[in-house]
Amino acid sequence: MIRYALEKDAQELVKLRLDEQKSLHPDAPADPEKVEAIEKWISQSIGNVNTLILVSENEGKIDATCTFVVEHNIPGLVDNGNYAYMCNVYTVPEKRKQGIMADMISQGEVELRARNVCAVYFDSVSDPMISLSQKLGYVHRTSFYSKDLIG
């Protein structure tokens with residue numbers, strides 16, 4: 001069952017986030033201050049009007065999650081300025097390749113359209129995520145530049 005995250009899900013979502021991060025950065029330590037920052041972000045974001053956290057729950061256990069962070073930017077000539085950044089996309093290994101994430105992303109898109117969001121974007125180094133997103137109609141449009149401000 002795909003549903004919105006609830007406050008009671010916070011600790012399970014923290015664990016999934018740490019699992020997702022470890023899969024991407026296996027040598028990175030889970031420092032207590034980083035774990036605390038993840039806990040704080042998830043707790044503050046559940047129920048926030050600008051954050052849509054979806055979970056897939058089966059038999060009382062969350063086995064996948066996908067988050068959309070809504071941004072209200074200045075409108076342009078070809079868009080309304082409302083975008084969503086898709087992040088924290090993770091399915092536990094034993095539940096992958098079952099269509100759960102495709103369903104979650106599609107359900108999220110329905111909700112985002114209702115919120116007048118004009119586009120969803122994400123960045124990923126995960127080949128399975130890139131492949132799935134292409135199957136769902138996402139296209140690589142352009143490169144962007146970034147600069148680390150901390151560290």
- Note on the structure: Residue-ordered couplings for the stretch 96-110, obtained by feeding phi - 60° into the Karplus form 6.51 cos²θ - 1.76 cosθ + 1.60 and rounding to whole Hz (Gly and Pro as x), are 6, 6, 10, x, 4, 5, 4, 5, 5, 5, 4, 5, x, 4, 4
- Rg to Rh ratio, the stretch 1-66, alpha-carbon atoms and Kirkwood radius? 0.98
- Task: Give me Met104, Met1 ranked fewest to most by other Cβ atoms within 10 Å of their Cβ, as a rough exposure proxy.
- Result: Met1, Met104
- Over all directions, what mean area does the Cα convex hull of the stretch 61-151 project, stated in square nanometres? 7.9
- Query: What does the charge dipole of the stretch 2-135 about its Cα centre add up to, to the nearest 20 debye, if the Cβ of each Lys and Arg holds +1 and the Cβ of each Asp and Glu holds -1?
  - Reply: 280
- Query: Just from its helices, what would the mean residue ellipticity at 222 nm be for the chain, if runs of 4 or more DSSP H residues each count -39500 (n - 2.57) and the sum is divided by every residue, rounded to the nearest 500 deg cm²/dmol?
  - Reply: -11000 deg cm²/dmol
- Unit charges at the beta carbon, dipole of the stretch 51-151: most positive-side option, Val110, Asn88, Pro128: Pro128
- Asn50 and Leu6 label points (each 7 Å along its Cα→Cβ direction) are spaced in nm at 2.7
- Item | Count of Lys pairs (Cα-Cα under 14 Å; at least 8 positions apart or interchain) in the chain | 8
- Item | Least to most buried among Phe122, Phe144 (fewest other Cβ within 10 Å first) | Phe144, Phe122
- Message: If R₀ is 30 angstrom, what is the calculated FRET efficiency for the pair Lys15 and Tyr121, using the beta carbon separation as r and rounding to 0.05?
- Response: 0.70
- Query: Does a label point 7 Å from the Cα of Glu71, set along Cα-to-beta-carbon, have any residues of the stretch 111-151 with amide nitrogen under 14 Å, and which are they?
  - Reply: 118-124, 142-147
- Message: Please compute the Kirkwood hydrodynamic radius of the stretch 2-135 from all pairs of different C-alpha atoms, in Å with one decimal.
- Response: 15.6
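Computed from the coordinates by the stated procedures, all read-outs in this text should not be read as laboratory data. Quantities reported herein were computed from a predicted structural model and do not represent experimental measurements. Glycine also receives a Cβ, built like all others from the backbone with ideal geometry; neighbour counts cover every protein chain displayed.
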